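The values are calculated or read from the model by the stated rules, or taken from the named source; none is laboratory data. Note that the structure is a prediction, hence the values are computed from the model and not measured. Here Cβ is always computed from backbone atoms with ideal geometry, including for glycine, and neighbour counts include all displayed protein chains.
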Amino acid sequence: MEEQRELIKAKRWHFEKQIEETMSAIHKNNMEGIYAKDKEVALNEILKRIPPNATVSHGGSYTLRELGMIEILKKGEYRYLRQKITQRDSVSDEMRIEDFSSDVYLTSANAITLEGELIVMDGFGNRAACLLFGPKKVLVVAGKNKIVRNLEDGMTRIREYVAPIHAKRRNWDLPCTKAGKCVDCKDPRKICNKIAILKYERDKERTTVILVGEDLGI
C-alpha cells in the first residue's frame with residue numbers, strides 16, 4: 001500500500017510540474033493562464049469572463065459540450081449568435097463570419113505545448129481564424145490531455161489522433177478512417193485543412209487559456 005501511495009504521489013508531482021511549466025509559458029506569451037482543477041471550476045472561470053448582454057459565439061467543440069457550456073449560453077443573459085443552431089453542420093458561412101463580431105468567443109485547442117503555444121485544426125477555418133483575429137475576447141478551454149511537448153508533437157497528435165477520430169465519428173469514408181491516421185488526402189470533406197498556431201498574443205487582455213485538470217474533448 002505504501003508503494004502504491006508513493007507511485008500516486010509521484011504521478012501527481014509529474015502532472016503538477018507539467019501544468020506549472022505550461023502555465024508559466026502561457027503567461028510569458030502574453031496570455032492569461034488559468035488552471036482549473038475540474039469541470040466545475042472551469043465553468044466558473046468561464047462565466048466570470050462573460051459579462052451580461054455580451055455577444056457570444058464559439059466554434060465546434062466537444063470540450064464545451066462536455067462542460068455543458070452550450071446549454072448555459074442558450075439560457076443565459078447573452079446575445080448568443082448560435083441560439084437556433086442544433087447541429088454544427090447547419091452553421092452557414094454568414095454565421096461563421098458573424099463570429100468575428102463576438103465580444104467573447106469560446107473555443108478549445110487541439111494541442112497546447114509546454115512552451116505555451118496553442119494549436120487549432122479546422123475544416124472551414126472559422127475557429128482557427130477567430131483564435132487569431134476578430135473577437136474582442138477569446139476563451140480557450142482545454143483538458144490536460146491536450147498538453148504536448150512541442151509543436152511537432154502537437155502536429156503528430158492532430159495527424160494520428162484528432163483528425164481520424166473526428167472523421168470516424170462522422171462515419172466518413174476517408175483514407176484516415178481506414179489508416180487510423182492522416183495520410184494527406186485531398187478529399188473535399190477532410191477536416192485538417194487549416195491549422196493555426198498562436199505563439200504570442202500582442203493584446204494581453206484578449207486571450208485567456210483555461211487548462212482543466214481532467215481529460216476533455218478529443
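Could you look through segment 121-152, keep only residues that are among the polar types (S, T, N, Q) and closer than 25 Å to residue 214 by Cβ, and pick out the one that is surrounded by the fewest Cβ atoms within 10 Å (Cβ to Cβ)? Selected residue: 150. Taking first residues from segment 33-59 that are touching a residue at least 60 places away in the same chain (Cβ under 8 Å) and acidic (Asp, Glu) and partners that are assigned to a loop (DSSP other than H, G, I, E, B) and surrounded by fewer than 19 Cβ atoms within 10 Å (Cβ to Cβ), the Cβ contacts under 8 Å between residues at least 6 apart in sequence or on separate chains come to 38/213; 38/214. Of the residues examined, residue 109 is one that is modelled with pLDDT of 95 or more, under 10 Å from the mean Cα position of the chain (by Cα) and in a loop (DSSP other than H, G, I, E, B). The set of residues in segment 145-168 that are without any contact (Cβ under 8 Å) to a residue 60 or more places away in the chain, farther than 15 Å from residue 182 by Cβ and of a type outside the set (A, V, I, L, M, F, W, C) comprises 149, 150.
Do we have any residue at all in segment 153-175 that's assigned to a helix (DSSP H, G or I), among the hydroxyl-bearing types (Ser, Thr, Tyr) and over 20 Å from residue 215 (Cα atoms)?
No, there is no match, as no residue in segment 153-175 is assigned to a helix (DSSP H, G or I), among the hydroxyl-bearing types (Ser, Thr, Tyr) and over 20 Å from residue 215 (Cα atoms).
Of all residues in segment 176-211, how many are part of a helix (DSSP H, G or I) and at pLDDT 85 or above? Give the steps one after another, and end with the answer.
Looking only at segment 176-211, we keep the residues that are part of a helix (DSSP H, G or I), and these are 176-179.
In the following step, the residues that additionally are at pLDDT 85 or above were identified as none.
Qualifying residue count for the region: 0.
Counting only residues that are assigned to a loop (DSSP other than H, G, I, E, B) and at pLDDT 95 or above, segment 123-152 holds 6 of them. Only a single criterion out of (1) in a loop (DSSP other than H, G, I, E, B); (2) under 16 Å from the mean Cα position of the chain (by Cα); (3) at pLDDT 95 or above is not satisfied by residue 120, namely (1). Every listed requirement among (1) surrounded by 12 or more Cβ atoms within 10 Å (Cβ to Cβ); (2) within 27 Å of residue 204 (Cβ to Cβ); (3) out of contact with any Asp or Glu (no Cβ under 7 Å at 6 or more places or on another chain) is met by residue 30 save one, (3).
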